[in-house]
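Worksheet for the structure shown next.
The values are calculated or read from the model by the stated rules, or taken from the named source; none is laboratory data. These numbers were taken from a predicted model, which means no experiment stands behind them. All Cβ positions, even for glycine, are placed from backbone atoms using ideal geometry, and neighbour counts span all protein chains on display. These accessible areas exclude ligands, DNA and RNA; they are computed on the full protein's heavy atoms, side chains included. Shrake-Rupley method; radii C 1.70, N 1.55, O 1.52, S 1.80 Å.
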Amino acid sequence: MAAAAAGEEEEEEAARESAARPAAGPALWRLPEELLLLICSYLDMRALGRLAQVCRWLRRFTSCDLLWRRIARASLNSGFTRLGTDLMTSVPVKERVKVSQNWRLGRCREAILLKWRCSQMPWMQLEDDSLYISQANFVLAYQFRPDGASLNRRPLGVFAGHDEDVCHFVLANSHIISAGGDGKIGVHKIHSTFTVKYSAHEQEVNCVDCKGGIIVSGSRDRTAKVWPLASGRLGQCLHTIQTEDRVWSIAISPLLSSFVTGTACCGHFSPLRIWDLNSGQLMTHLGSDFPPGAGVLDVMYESPFTLLSCGYDTYVRYWDLRTSVRKCVMEWEEPHDSTLYCLQTDGNHLLATGSSYYGVVRLWDRRQRACLHAFPLTSTPLSSPVYCLRLTTKHLYAALSYNLHVLDFQNP
């Protein structure tokens, strides 16, 4: 035992010595670490990688997060927002940059996580190590295995209550708020058996969002409604907005002062309109040149002043409310003229879209016009839209009619 302990101490001492700063070598290595950090901050990714091969001390030194932050902020899906906020402080920045190169080059491994026998129109959400997905009139919760590319087959929970299919749902305040084809909204507590459903619209509820204790819903009945989440006031409508068009998508502003609706574009007004959350009054509409039928199927806020939209007219549009509400500041066109069902971003440079045919998922660098990569997830006999997309820094999840697919960028 004593000999083994002594051997371990010798190995630890040798490791410390190898990681220590070299006693001999260029005078550059004898500079204070602060100056070395400043000098190395001008190196690009390849130069830092080469410098790390010189010795073990430089390998440790060049792995410092400070040296990789600038590179990570310019990379795709590295866990940094456009404003520089680090969303994944527990993961070394250098490791995230490595995986980011796989996103840039389109290197990934495809697998199927779930299959179902009947054609579905699934929606999903991610939270921590769990995936929530709608199947028919249920919402099921699954736990990821540590690799993030596979699921435990037995669901963690099954949330029921709708008489028809779940069209859409969100996670908020430990609740699942679901919108059903039966015209009802369901409120389920994730960690208990509490479930309430109430009649919300005369026809199917296509979309729902919840922030700050407020629920907004949109329906085929050409209305959007505002509801409280408070347990004692569930089902009490605060505002009913006559949109005069079918509502396909909806999102609440991060400021909790307004919400945006995406409609079918069958009238003589923009399909994107922003409403005051407190009064229900129209604040403004976005764009002025939408062709008839250019309905908006997905819309999301990226910040209080910026949002993205996509839909039937095959474009993703990026809107900045500080510059103009008449014209978007950037747009990307689906190259095969397919409807865009859904979109997701990393909050920075990466954009992912799901198309209406052959389960095509496209990755875009928002600094460029052209698509980076396309991944067709179905063959011709089983052509399916991509109904929902979700992503992490390592994986992209795509829900289609018969399968839930994963693209693994960590282990391509």
Descending semi-axes in Å of the chain, equivalent ellipsoid built from Cα gyration tensor
44, 25, 21
Candidate residues C64, C40, C266: accessible-area rank, largest first, probe 1.4 Å:
C266, C64, C40
I'd like to compare 152-163, 313-324: which one has the highest average count of other Cβ atoms within 10 Å, and what's the full order after that?
313-324, 152-163
Net dipole in debye of the range 56-156 [+1 Lys, Arg Cβ; -1 Asp, Glu Cβ; about Cα centre; nearest 20]:
540
At a probe size of 1.4 Å, how large is the accessible area of E95, to the nearest 10 Å²?
80
Work out the length of the dipole vector of the chain about its Cα centre, built from +1 on the beta-carbon of each Lys and Arg and -1 on the beta-carbon of each Asp and Glu, and round it to the nearest 20 debye.
540
Excluding ligands, DNA and RNA, what is the solvent-accessible area per residue of the range 144-198 at a probe of 1.4 Å, expressed in Å²?
48
Descending packing, highest mean Cβ count within 10 Å first, for 53-61, 255-263 is 255-263, 53-61
In the chain, how many lysine pairs have Cα atoms under 25 Å apart, counting only pairs 8 or more places apart or on different chains?
12
Among A52, A141, A149, the residue with the largest mean-square fluctuation in a Gaussian network model of the chain built from Cα contacts under 10 Å is A52
Lys/Arg +1, Asp/Glu -1 at C-beta; the chain dipole; positive extreme among S288, N278, S257
S288
Within the range 71-101, which residues have the backbone N less than 14 Å from the label spot 7 Å out from L28 along Cα→beta-carbon, could you tell me?
none
Counting Lys and Arg as +1 and Asp and Glu as -1, what is the net charge of the other residues whose Cβ lies under 12 Å from the Cβ of R362?
-3
Total formal charge among the other residues, if their Cβ is under 15 angstrom from that of W275, Lys/Arg +1 and Asp/Glu -1:
0
Each label sits 7 Å from Cα toward the beta-carbon; between L156 and E331 the label points are separated, in nm, by 4.1
Carbon and sulfur atoms: what percent of the 1.4 Å accessible area of the chain do they account for?
52
